[in-house]
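Peer 1: The structure follows.
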Amino acid sequence: MELFGSSGIRGVALRYLTPELVLDIAKAAGTTWDAERVAVARDTRTTGELFANAAASGLAAVGCDVDRLGVVPTPAVGNYCESTGVPCVLVTASHNPPEFNGVKLVGDDGVELSVDVLERVERRVLDDDYDLADWRDAGTETRVEGAVDDYVDQLV
């Protein structure tokens, strides 16, 4: 794979990882998943909101309604995806230095995508191949509260 590593894609924000690339990854993921709803979540990095907005725009452009989870830890994202059956574009660079950011794709089962599915998403990005929605079918956005609380409740 050219873009994705073992845990998504990561790079220096606004140099390697750009809003345009995140937009394209989200369009490709939304097209590949063929899902009606997709969540977007992020960590607390400085560029997190910028990239989460790009991801939400990309998903809406291919007709996905977007569940905006806000700032949530990765395990809470997995819990949300599994409990709702909704996949997620997670903006996070995990343990990397602060100038980095990244995108991790989580399936509707709460697990990171298989290599096969990541390769299909990557191929769409590299080929600029997205199923853009008609303007009447662009996705809408809903703010979702309580994903962290639901995760804590599930743990307890």
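The values are calculated or read from the model by the stated rules, or taken from the named source; none is laboratory data. A quick note: this is a predicted structure, and the numbers were derived from the prediction, not measured. In this analysis, Cβ positions are derived from the backbone assuming ideal geometry, glycine residues included, and neighbour counts consider all displayed protein chains. Accessible surface is based on the protein model in full, side chains and every heavy atom, while ligands, DNA and RNA are left aside. Shrake-Rupley method; radii C 1.70, N 1.55, O 1.52, S 1.80 Å.
Peer 1: Considering only protein heavy atoms and a probe of 1.4 Å, how much of the accessible area of the stretch 1-71 is carbon and sulfur, as a whole percent?
Peer 2: Heavy-atom surface of the stretch 1-71 belonging to carbon and sulfur, 1.4 Å probe: 45 percent.
Peer 1: What dipole magnitude, in Debye to the nearest 20, does the chain give about its Cα centre under +1 on Lys/Arg Cβ and -1 on Asp/Glu Cβ?
Peer 2: Computed charge dipole of the chain: roughly 500 debye.
Peer 1: Using just the helices of the chain, give the 222 nm mean residue ellipticity in deg cm²/dmol: DSSP H runs with n ≥ 4 each add -39,500 (n - 2.57), and the total is spread over all residues, rounded to 500.
Peer 2: -12500 deg cm²/dmol
Peer 1: Cβ neighbours within 10 Å, averaged per peptide: list 126-137, 48-59 in order, most packed at the top.
Peer 2: Order by mean packing, descending: 48-59, 126-137.
Peer 1: Could you work out the relative contact order of the stretch 1-122, using alpha carbon pairs under 8 angstrom and six or more residues apart, expressed as a whole percent?
Peer 2: Here the relative contact order equals 33 percent.
Peer 1: To the nearest 20 Debye, how big is the dipole of the stretch 10-69 about its Cα centre, given +1 on the beta carbon of each Lys and Arg and -1 on that of each Asp and Glu?
Peer 2: Taking the Cα centre of the stretch 10-69 as origin, the dipole is about 260 debye.
Peer 1: May I have the convex hull volume per residue, in Å³, for the Cα set of the stretch 32-145?
Peer 2: Looking at the stretch 32-145, the number lands at 103 Å³ per residue.
Peer 1: Could you give the accessible area per residue of the chain, probe 1.4 Å, as a whole number in Å²?
Peer 2: 50 Å²
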